[in-house]
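The values are calculated or read from the model by the stated rules, or taken from the named source; none is laboratory data. Note that the coordinates shown come from a computational prediction; the quantities given were computed from them, not determined experimentally. Side chains are part of the model used for accessible areas, which takes the heavy atoms of the whole protein and leaves out ligands, DNA and RNA. Shrake-Rupley method; radii C 1.70, N 1.55, O 1.52, S 1.80 Å.
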Amino acid sequence: MNSDTQRDDSSMSPEHALAARLEALESRIAFQEHWLDTLDEAVAAQDRRLAQLERINSLMQEKLRDQQQALQEADMAAPSPQDEVPPHY
């Protein structure tokens with residue numbers, strides 16, 4: 001028990017002591033429910049952000065593959081130095 005609920009119960013009637021304990025428990029439960037809701041919202045926001053980052057990652061990988069393929073095609077289409085005739089011929 002925390003310091004708020006530690007009282008000398010001998011001076012209280014049993015009904016009053018029980019009511020005080022019940023009130024303290026209800027307060028703790030309300031506080032815990034609030035934090036659970038807050039954590040749930042944080043997890044949901046992180047899940048949405050993770051899904052967004054995964055989509056961005058997929059798009060970036062696709063663009064990178066396209067650029068690599070375009071570079072390879074450009075290298076194959078361009079004449080190599082061995083194919084060029086020297087200027088003095």
Every residue from segment 9-22 that is modelled with pLDDT under 90 and either open to solvent by 100 Å² or more (accessible area, probe 1.4 Å) or assigned to a helix (DSSP H, G or I) (or both): 9, 10, 11
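When you check residue 60 against the structure, is it under 28 Å from the mean Cα position of the chain (by Cα), in a helix (DSSP H, G or I) and among the hydrophobic types (A, V, I, L, M, F, W, C), yes or no?
On the way: under 28 Å from the mean Cα position of the chain (by Cα): yes; in a helix (DSSP H, G or I): yes; among the hydrophobic types (A, V, I, L, M, F, W, C): yes.
Yes, satisfied.
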